[in-house]
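J.: Next up is a structure, given as structure tokens.
The values are calculated or read from the model by the stated rules, or taken from the named source; none is laboratory data. Computed from a predicted model, the values in this text were never measured in an experiment. Cβ coordinates were reconstructed from backbone atoms using ideal geometry, including for glycine residues, and neighbour counts include every protein chain displayed. Just the protein is used for accessible areas: all its heavy atoms, side chains included, with ligands, DNA and RNA removed. Shrake-Rupley method; radii C 1.70, N 1.55, O 1.52, S 1.80 Å.
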Amino acid sequence: MDAHATSKPASVHRSVADLGGPRPLPVLGNLPAFVRGGTPHRTLAGWRERYGSTYRMRFPGRDVVVTSAPDIMDTVLRQRPTTFRRASFVSDLIDELGAHGLFNAEGQDWQRLRRVAMHGLNAKYLGESFATITRSAERLRNRWNASAGSRIDVVDDMLRYTLEVSVGLTMNYDLGATSGAGEDGLHRQLSQLFEALGRRLSSPVPYWRYVRLPADRRADAAVAGARTLILDRYAEAKRRMVRGDAPTDFLSALAKAEVDGDELVNDDDVVGNVLTMIVAGEDTTAAAASWVMHFLAAHPDVQRQVRAEADEVLGPGGSITEPPVLSRLRYAEAVVNEAIRLRPPTPYIVLEPVVDTTVTDGLDRLHIGAGTPIFLLLSHGSDDDTRQFPDPQSFRPQRWLTDGTARATSQPYLPFGGGPRFCPGRNLALMEATLIAAMTCQAFTIGPDTSAGPVGERVTFAVFPTNLGVRLQPNLP
Ligand code: HEM
């Protein structure tokens, strides 16, 4: 027998230093190229075309791995919290803003907080607080009715909508952002927190550790103000739970867990987790809903289909009171999935190994040292896998329905992450975006307004459209 025919191909062992990648500058490495233009996800995608699915880039003082290889992504996402964790440079930044919660907790702390947080995000509470979502969606529709025909700043309005929903669901507090009220107080404090987070995430050096600019001092004061308000509301929620009331929101679900002795909850847990839920849920969902409007404005045929479905499901009043009705808005949800596929709000996440480890991609074995940041490109699969996503660049909501080829939560397409730290807010985000898509198409015909320039992208905590304006013409009943 031919020895070559039976011998297995040898596996290849590599270290991070052996990986190909863009040529680094002295000292700063590839960081300037990475942040240039404010769209790092596009830079990473371009390098991926050039250097393959797993490559290396250089940040000051350290190598960084970037991968979209399904086997490696699967291992890294699943082996948490034992072997991998969120990259410490991301977690530290969020901690420094006083929002230590589920997103950046690790090890046993994360396990405990995930349990605590899931008390407040399970389907029962979401069902009970559904009225909060519909109230905000209706207010947004009223706001748009009042300015029918004029230019709507989509991102600004979607931020109002998702912020109002997030604050309502987490702490039963009516921000009034969609009705134009409540521009001061918590609304302003949270805006300052987001602004600081966005600026620090895109800053090449952590200047705030050495010097506090006026904007950083404003962010500190904003967090202190929000903390007082959250703890006041928590104390009140605890009193209600002691009286035997049923929990109605995330904060009262935490209070119930503490009152029943199921969990030990301290003040930092409460503040950190409320802020985390708001930070993790507001920008991401606003970005998704904004991109939905962008695609709807460009596709009148899709709008008509969403409207026909909404007329049938929502009825002439255009509102829903029961969450199960939402599951009948299947075409509207397909539109949301398709918008998220083409413009994922979080195209990558950054993790790192807790200990030295080896990951495999087919026969390739890659040794990664503890603490090496790994960028996981979560959504590239939908461009590559033309079997699951034929004609991947086209906006085709139908692919999520009768075509039956596209699946929302499996490799190689993971816009909400994967493994034990999979986004716990996915259902809520889909609810918010689907509802607003259906209600808007039922009430208005959406036309693009490009008076501010062509639609581009900007990255803060999520990837937002820039210059996105639309004009809404009320539909005849
Ligand atoms: C379209 C909207 C959203 C997108 C694209 C999105 C995406 C993501 C991604 C990619 C992760 C990281 C998952 C991982 O590490 O495997 C994540 C985590 C998380 N998301 Fe979302 N998210 C969205 C909406 C929300 C909402 C509405 C909430 C709040 C209710 C939320 C709360 C969280 C939290 C708390 C985590 C951390 C989970 C953990 O580490 O255990 N997200 N999200």
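J.: How large is log10 of I(q)/I(0) for the chain at q = 0.07, 0.14 Å⁻¹ when the intensity is taken from the Debye formula with one equal scatterer per alpha-carbon?
T.: -0.38, -1.50
J.: Here is a further query. Near the amide H of Phe84, under 5 Å away, which other amide H atoms are found, from residues 5 or more places off or on another chain, if H is placed in the peptide plane?
T.: Under 5 Å from the amide H of Phe84 lie the amide H atoms of Val354, each far enough along the sequence or on another chain.
J.: Order 287-298, 361-372, 167-178 from most to least packed using the mean count of other Cβ atoms within 10 Å.
T.: Details: 287-298: 24.7, 361-372: 15.4, 167-178: 22.4.
Output ranking for 287-298, 361-372, 167-178: 287-298, 167-178, 361-372.
J.: Can you compute 3J(HN,Hα) from phi for each residue in segment 468-475, using the Karplus curve 6.51 cos²θ - 1.76 cosθ + 1.60 with θ = phi - 60°, rounded to whole Hz and x for Gly and Pro?
T.: Whole-Hz 3J(HN,Hα) from phi for segment 468-475: 7, x, 9, 10, 10, 9, x, 7.
J.: Give the accessible area for Trp400 in Å² (nearest 10); use a 1.4 Å probe, count only protein heavy atoms, and leave out ligands, DNA and RNA.
T.: Accessible area of Trp400: about 30 Å².
J.: Moving to a separate point now. Give me the percent of DSSP beta bridges within the chain that run antiparallel, rounded to the nearest 5.
T.: Details: 32 of 39 bridges.
Taking every DSSP beta bridge within the chain, about 80 percent pair in antiparallel fashion.
J.: Which order do peptides 156-166, 303-313 fall in by mean Cβ count within 10 Å, highest first? Mind showing how you got there, number by number?
T.: Working: 156-166: 25.5, 303-313: 18.1.
By packing density, highest mean first, the sequence is 156-166, 303-313.
J.: Hey, what do the phi angles of segment 225-240 turn into as Karplus ³J(HN,Hα) couplings, whole Hz, using 6.51/-1.76/1.60 and θ = phi - 60°, x for Gly and Pro?
T.: Ordered by residue, 3J(HN,Hα) equals x, 5, 4, 4, 5, 5, 5, 4, 5, 5, 4, 5, 4, 5, 4, 5 Hz.
J.: To continue, here is another question. For the chain, with only Lys/Arg (+1) and Asp/Glu (-1) charged at the beta-carbon, what is the dipole magnitude about the Cα centre, in debye rounded to 20?
T.: Values: 53 positive and 55 negative charges, 131 e Å.
Taking the Cα centre of the chain as origin, the dipole is about 640 debye.
J.: Once ligands and nucleic acids are excluded and a 1.4 Å probe is used, how much of Ile374 is accessible, expressed in Å² to the nearest 10?
T.: 0 Å²
J.: Tabulate in residue order the Karplus-calculated ³J(HN,Hα) for segment 66-79, using 6.51 cos²θ - 1.76 cosθ + 1.60 with θ = phi - 60°, rounded to whole Hz; enter x for Gly and Pro.
T.: Once rounded to whole Hz, the list reads 10, 9, 10, 6, x, 5, 5, 4, 4, 4, 5, 5, 6, 7.
J.: Also, I was wondering about something else. Using a probe radius of 1.4 Å on heavy atoms only, what accessible surface per residue do you get for segment 11-144? Whole Å² is fine.
T.: Working: 6050 Å² over 134 residues.
Spelled out: the 1.4 Å probe surface of segment 11-144, per residue, equals 45 Å².
J.: Something else: Name the residue from Leu275, Val242, Gln305 whose Cα lies farthest towards the positive end of the charge dipole of segment 183-324, charges +1 on Cβ of Lys and Arg and -1 on Cβ of Asp and Glu.
T.: Going by the charge dipole, the pick is Leu275.
J.: Given a 1.4 angstrom probe, what's the average accessible area per residue across segment 253-333, in square angstrom?
T.: Working: 3200 Å² over 81 residues.
Roughly 40 Å² per residue, with all protein chains present.
J.: Less than 12 Å Cβ to Cβ from Glu457, Lys/Arg counted +1 and Asp/Glu -1: what total charge do the surrounding residues give?
T.: Working: positive: Arg42, Arg343, Arg458; negative: none.
Result for the neighbourhood of Glu457: +3.
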